[in-house]
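One structure below.
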Amino acid sequence: MSNKYQVPRGTQDIMGDDISLWQKAEGIIREQCARYGYQEIRTPVFEHTEVFKFQNDSSDMVTKEMYTFLDSGERSLTLRPEGTKGVIRAFVEHKLYGNPAELPAKLFYLGPMFRYERPQKGRYRQFHQFGVEAIGAKSPLLDAECIALGYDIAKAMGIKKVKILINTLGDDESRDAYRNALKEHFRPYLGELCGDCQRRFELNPLRILDCKVDRDHPSFASAPAISDYLNEPSKKYFEEVLAALDDLGIPYQIDSRLVRGLDYYSNTVFEAIPEDATGQQAAVFAGGQYDGLVEHFGGGSLPGVGFGMGIERMIDLAVEEGGIKSDSRSTDVYVISMGDVGSYALKATETLRKEGFRVDTDYQGRSLKAQFKASDRLRAKAIVIIGEDEYSNRLAVVKNTATKEQVTVSIDELTNTVKGFIG
Ligand code: ATP
Ligand code: MG
């Protein structure tokens with residue numbers, strides 16, 4: 001039996017020096033989103049189950065991975081497994097479509113997502129996603145810009161070896177033609193494919209191509225490619241996306257088998273994977289263009305484009321590649337006190353904090369040795385020492401830990417002395 005006082009399987013405490021990695025990653029994301037004109041939106045971590053579960057949904061995420069529960073009021077709620085649907089729900093609920101001049105609405109989210117999966121490296125039950133949605137416009141340029149944003153964030157985190165796989169699913173007409181062709185193709189092999197694929201065959205044969213169980217079955221290699229079923233407008237749209245990526249200098253590789261795990265995509269789909277990735281488990285961000293989602297939530301037929309990025313996977317990759325680095329805890333000043341000095345040392349600590357220094361002190365009357373150790377551990381650049389003599393004469397000893405220079409000054413000179421030592 002698992003220990004109930006340990007984190008649930010597939011979740012983790014993020015803490016210690018790792019926190020600095022998360023803060024850096026989040027800082028980079030926020031900075032890039034501001035540059036690209038995306039505004040943050042924070043939707044609830046749980047929603048009515050219907051927000052995520054559409055009729056006839058064939059994705060693993062919806063059919064197998066959701067944390068769904070009844071609350072005490074007998075409502076069926078689901079912990080969000082992804083960000084897009086909640087954002088679209090909010091877009092419609094707040095009628096952000098009201099003023100066409102303000103479209104596309106460019107929104108980003110960042111926070112925990114929940115999926116019941118088999119935990120392994122880069123795959124958790126609670127994980128964190130950053131994602132963007134540009135809702136209410138459809139243009140190959142917007143698709144390309146969206147990919148550029150994800151790519152820029154990866155670069156800014158110091159990830160060099162990432163490549164974009166891209167494909168188009170075409171418009172409705174092209175996709176219908178392709179679905180029929182896939183059905184013709186897979187029908188004779190149906191008995192040899194997994195149960196999921198047999199269901200996908202009925203609901204959405206495109207999703208068969210995304211199967212992780214059957215992907216080495218010989219019928220996969222000979223499956224028809226979408227490129228042969230695209231009508232002219234769909235072809236042109238895709239060519240324009242690729243031309244824009246060329247112009248922006250973003251390297252990509254066309255992958256005609258790429259369909260992505262979610263059901264609602266049309267036209268452009270893409271994913272970013274490490275250059276040396278093997279298998280299909282390694283996408284760091286992935287997304288695409290969608291047409292039907294806003295309408296599904298009752299907001300009229302507005303298109304959108306977006307991606308979701310796994311922050312754990314991005315951080316792992318960035319650290320492996322020597323990109324962002326964690327910082328250990330550090331402080332500017334450590335205030336050491338000896339003997340009975342009342343709150344005099346704490347007051348000195350506060351004075352320095354108000355000047356903007358990062359300052360820590362001892363609260364337990366620990367030994368001098370223990371306090372010096374603490375200041376070492378926090379890598380203090382200066383140490384202030386206050387004993388009973390200093391207390392009664394309103395003085396303080398200030399020591400520069402790098403140069404070992406040490407002076408005794410009046411308490412009114414404390415701030416200036418520290419500034420002189422460490423800037
Ligand atoms: P995969 O094929 O790896 O299961 P997916 O198609 O389910 O991915 P999306 O729903 O597109 O993934 O989610 C976007 C991104 O979120 C993924 O590219 C990945 O970086 C991250 N992600 C998805 N599921 C998890 C998970 N369980 N743990 C950690 N990160 C995840
Ligand atoms: Mg998945």
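The values are calculated or read from the model by the stated rules, or taken from the named source; none is laboratory data. Predicted, not measured: the structure shown is a model, and the values here were computed from it. Please note: Cβ atoms are built from the backbone with ideal geometry, for glycine as well, and neighbour counts cover all protein chains shown. Heavy atoms of the whole protein, side chains included, go into the accessibility calculation; ligands, DNA and RNA do not. Shrake-Rupley method; radii C 1.70, N 1.55, O 1.52, S 1.80 Å.
A few remarks follow.
- Kirkwood-based Rg to Rh ratio, segment 333-422, C-alpha trace: 0.91
- Compactness of segment 112-269 - radius of gyration and Dmax, Cα, Å: 17.2, 48
- Whole-number percent relative contact order across segment 296-379, with pairs defined as alpha carbons under 8 Å at least 6 apart: 30
- Cα shape, segment 115-203, gyration tensor, a/c 1.5 rule: oblate
- Sum of -39500 (n - 2.57) over DSSP H runs of 4+, divided by residues of the chain (222 nm, nearest 500): -10500 deg cm²/dmol
- Only one residue of 225, 156, 190 has its Cα farthest out toward the positive end of the dipole of the chain, where Lys and Arg carry +1 and Asp and Glu -1 on Cβ, and that residue is 156.
- Segments 96-103, 132-139, 359-366 sorted - mean Cβ within 10 Å per residue, highest first: 132-139, 359-366, 96-103
- Modelled label reach - residue 19, point 7 Å along Cα→Cβ, segment 364-380 residues with backbone N closer than 15 Å: 378
- Measuring nothing but protein heavy atoms, the accessible surface of the chain at 1.4 Å probe radius is 49 percent carbon and sulfur.
- Reduced Cα scattering model of segment 1-133, Debye log10 I(q)/I(0), q = 0.15, 0.22 Å⁻¹: -0.89, -1.39
- Remark: segment 142-153, residue by residue, has Karplus-estimated 3J(HN,Hα) of 5, 4, 5, 5, 4, 5, 4, 4, x, 5, 4, 5 Hz, where x stands for each Gly or Pro and the curve is 6.51 cos²θ - 1.76 cosθ + 1.60 at θ = phi - 60°.
- Rounded to the nearest 20 debye, dipole of the chain from Cβ charges on Lys, Arg, Asp, Glu: 1100
- In plain terms, the chain from residue 4 to residue 235 could stretch by 77.7 nm, reckoned as 0.36 nm per residue minus the Cα-Cα distance.
- Listed residues 270, 201, 69, most fluctuating in the chain (Gaussian network, C-alpha, under 10 Å): 69
- Each of residue 102 and residue 419 was given a label point 7 Å from its Cα along the Cα-to-Cβ line. The distance between the two points is 4.5 nm.
- The mean sequence separation of alpha-carbon pairs under 8 Å and at least six residues apart, normalised by the residue count of segment 333-422, gives a relative contact order of 30 percent.
- Filtered GluC sites (Glu not before Pro), segment 190-275: DSSP coil and at most 16 other beta carbons within 10 Å: 275
- Range of Cα positions in the chain per principal axis (Å), largest first: 92, 55, 44
- Of the peptides 373-382, 116-125, 402-411, the order by per-residue mean of other Cβ atoms within 10 Å, starting with the highest, comes out as 373-382, 116-125, 402-411.
- Listed peptides 297-308, 6-17 appear in the order 297-308, 6-17 once ranked by packing, highest mean of other Cβ atoms within 10 Å at the front.
- Relative contact order (%) - criterion: Cα under 8 Å, at least six apart; region: the chain: 16
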